[in-house]
Structure formats: structure tokens, C-alpha cells
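Report on the structure given below.
A short reminder: the numbers here are calculations on the coordinates, not readings from a lab. If you're wondering where the values come from, they're calculated on a predicted model, not measured in any experiment. Glycine also receives a Cβ, built like all others from the backbone with ideal geometry; neighbour counts cover every protein chain displayed.
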Amino acid sequence: MQENVETLEALLLRYSDIEKLPEVQRVKFAEAVRTGEDPLQILKYLATVGIEVKAPVDLFRLNDDPNEEELVCFWIPEGVAAAISSDDLWLVFEIDDAGSAAP
């Protein structure tokens with residue numbers, strides 16, 4: 001699990017192409033979990049590998065998997081940032097009172 005809380009801007013500068021910073025989509029975490037929908041279909045992807053997302057920490061379950069090269073999640077002040085590495089796509093799962101959700 002990612003223990004550090006960084007800003008989204010810092011993550012984008014470190015992991016994305018500086019020449020063409022990606023557009024970041026946003027979704028409310030509670031709404032995404034309730035409906036099972038998010039713009040990048042991250043919840044559906046996690047379900048296909050047997051991970052049911054009920055709490056924000058569940059988004060991090062693939063971070064330590066050495067076979068996972070596509071999806072990585074990070075704690076940020078407003079919730080969880082999820083990156084799809086191959087496409088340089090980013091999604092923020094906004095969490096109400098995110099400060100208490102991060103480790």
C-alpha cells in the first residue's frame with residue numbers, strides 16, 4: 001500500500017510526459033462504488049481480478065503485485081489517484097473527508 005500522501009500535481013510531473021500532461025478525470029468514490037461505474041472502468045477491472053472495492057484502501061490491492069504493470073494508485077489530499085500507465089490516463093477518486101481516509 002502507498003503510505004505517502006502527495007499532491008496530484010507532483011505525481012503528474014513525476015510519472016507523466018512533461019511535454020503533454022494528461023487530463024485528469026474525477027469521480028466521487030462513494031458514487032463509483034455504489035454504481036460500479038467510473039470513467040476509466042477501474043472498478044470493473046479490479047473486479048475481473050477478484051478485488052471487490054468497498055473502501056478506498058481496496059484500490060491499492062494491486063500496487064504490491066509484481067505482475068501488475070498497468071494500474072497503480074496513490075493517496076492524494078483529495079482521495080486516491082489511479083493511473084493507467086500504458087495510456088497515461090489518470091482518475092481521481094474523490095473522498096469526502098479524504099484526510100481521515102489516508103493511512
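Spin-label model, Lys20/Gln41: points 7 Å from Cα along the beta carbon direction are separated by 2.2 nm. Around the Cα centre of region 8-95, unit charges on the Cβ atoms of Lys, Arg, Asp and Glu (plus for the first two, minus for the last two) sum to a dipole of about 320 debye. A P(r) calculated from all alpha carbon pairs of region 8-95, with 5 Å bins opening at zero, reads 3, 14, 28, 27, 18, 8, 2, 0 percent. Under the combined filter of DSSP loop state and at most 15 neighbouring Cβ atoms within 10 Å, region 1-69 retains these trypsin sites (Lys or Arg not before Pro): Lys20, Lys54. Rounded to the nearest 20 debye, the dipole magnitude of region 1-45 is 180 debye, with +1 charges on Lys and Arg beta carbons, -1 on Asp and Glu beta carbons, and the Cα centre as origin. Under 5 Å between amide hydrogens, which residues at least 5 positions from Val72 or on another chain qualify, with H placed 1.01 Å from N in the peptide plane? Result for Val72 returns Ala83, Ser85. Between amide H atoms placed 1.01 Å from N, distances below 5 Å from Gly79 occur with Ile95, all of them 5 or more places distant or on a separate chain. Computed over neighbours whose Cβ is under 13 Å from that of Lys44, the net charge equals -3, Lys and Arg +1, Asp and Glu -1.
Considering the chain as a Gaussian network with a 10 Å cut-off on Cα pairs, which listed residue, Ala83, Ala32, Ala47, attains the greatest mean-square fluctuation? Ranking Ala83, Ala32, Ala47 by mean-square fluctuation puts Ala47 first.
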